[in-house]
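To keep things clear, I will list the structure first and then write my remarks on it.
The values are calculated or read from the model by the stated rules, or taken from the named source; none is laboratory data. This one's a predicted model, so the numbers in the text were calculated from it and none came from an experiment. Ideal geometry is used to build each Cβ from the backbone, glycine not excepted, and the neighbour counts take in all protein chains shown. Ligands, DNA and RNA are excluded from the accessible area calculation, which covers all protein heavy atoms including side chains. Shrake-Rupley method; radii C 1.70, N 1.55, O 1.52, S 1.80 Å.
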Amino acid sequence: MTLVARYANHGRAGWGLIEDDQLFPADEDVALVDALADNELLQRVSKAKKAPIPLDEVSLLAPMPDPPQFLGVGLNYRDHAAEAGMEIPTDPVTFGLYKTSIIGDGDTIEMPPFSDENDWEAELGIVIGSGGRDIPEEDALGHVGGYTIINDVTARDIQMSEGQWGRSKSFDTFKPMGPWIVTPDVLGDASDLSISLWVNDDLKQSSHTSELIFSVTQIVSLLSRSTTLLPGTVITTGTPHGVGFSRTPPEFLKDGDTVSIEIEGIGRLSNPVAAAGSET
Ligand code: ZN
């Protein structure tokens, strides 16, 4: 199992491949986004000829913290559209996100003092490898550099009070991403993966990517009709049923919670939650 990760070790950050509890660093001169775009992850790491670092000696960082485009698809699970009382959309609901919201595995989600309704959303993230425009569905998988896990944390009260969704989903720390990227050749078919989310030990979301209304290939193709997708672009693909605001009574994240997401074949992304300014 080879995973693509960004890491910090002795004050230096880089990227590399994880295999058998060891991290094999890539050449520092090569950006991860370029290696993904050229489909040269293995070549770049073997060319670097660096000694592996034991995994327990590195901190994992968000795998794509500075994407050239950061896009979201909303209402994209049949089971979530039903719980939200929405019709199945005939075109995808899309929005832009701010990359300053991205944090890595284990980093703290900080809740702002002006929202009481901070909600969770387990999502499959697509990382674009080679970019393109007008990508046909049958070619779309060739443009996917990898998959990751994203928690599309949302301030519901702000989302409901504004016409646009971008700000309410982009507060600093609201986009946990990681713990790494899994390439399509390792993950295989992404169209029927189990996806689950826990708040502390309570299972809140449990579904499969087969519930997606617009599939990975459809999303990449549809977005590329109007926008040149650049290498390293991150697309978060929507969340299944079981979010907090649709529960009876509604539930939201609280200071001291830990929210964890697992996607089959990718791994587990786990983040503590704190009220901004509180000691953690
Ligand atoms: Zn979402």
Any idea which of 23, 71, 97 is farther than 29 Å from residue 166 by Cα, at pLDDT 95 or above and touching a helix residue (DSSP H, G or I) at 6+ places or on another chain (Cβ under 8 Å)?
23
Restrict the check to region 53-66 and report whether at least one residue is within 16 Å of the ligand (Cβ to nearest atom) and either within 20 Å of residue 236 (Cβ to Cβ) or in contact with a Phe, Trp or Tyr (Cβ under 8 Å, 6 or more places away or on another chain) (or both).
no
Condition check for residue 117: within 16 Å of the ligand (Cβ to nearest atom) and either open to solvent by less than 50 Å² (accessible area, probe 1.4 Å) or modelled with pLDDT of 95 or more (or both):
yes
Could you look through region 73-88, keep only residues that are of a type in the set (Gly, Ala, Ser) and part of a loop (DSSP other than H, G, I, E, B), and pick out the one that is farthest from the ligand (Cβ to nearest atom)?
85
Residue satisfying condition, being open to solvent by 50 Å² or more (accessible area, probe 1.4 Å) and either of a type outside the set (A, V, I, L, M, F, W, C) or in the same structural domain as residue 224 (by TED's automatic domain parsing) (or both), within set 107, 79
107
Of everything in region 89-104, what is open to solvent by less than 70 Å² (accessible area, probe 1.4 Å), under 25 Å from residue 60 (Cα atoms) and either outside the structural domain of residue 237 (by TED's automatic domain parsing) or not in a strand (DSSP E or B) (or both)? Give them in sequence order.
97, 101, 104
Return a yes/no flag: does region 181-204 have any residue that is within 23 Å of residue 79 (Cα to Cα), assigned to a helix (DSSP H, G or I) and at pLDDT 95 or above.
no
So is residue 203 within 16 Å of the ligand (Cβ to nearest atom) and either in the same structural domain as residue 127 (by TED's automatic domain parsing) or more than 14 Å from the chain's Cα centre (by Cα) (or both) or not?
no
Among the residues of region 233-256, count how many are in a loop (DSSP other than H, G, I, E, B) and surrounded by fewer than 20 Cβ atoms within 10 Å (Cβ to Cβ).
9
Scanning region 140-166 for residues that are in contact (Cβ under 8 Å) with a residue 24 or more places away in the chain, surrounded by fewer than 22 Cβ atoms within 10 Å (Cβ to Cβ) and among the charged types (D, E, K, R), which turns out nearest to the ligand (Cβ to nearest atom)?
156
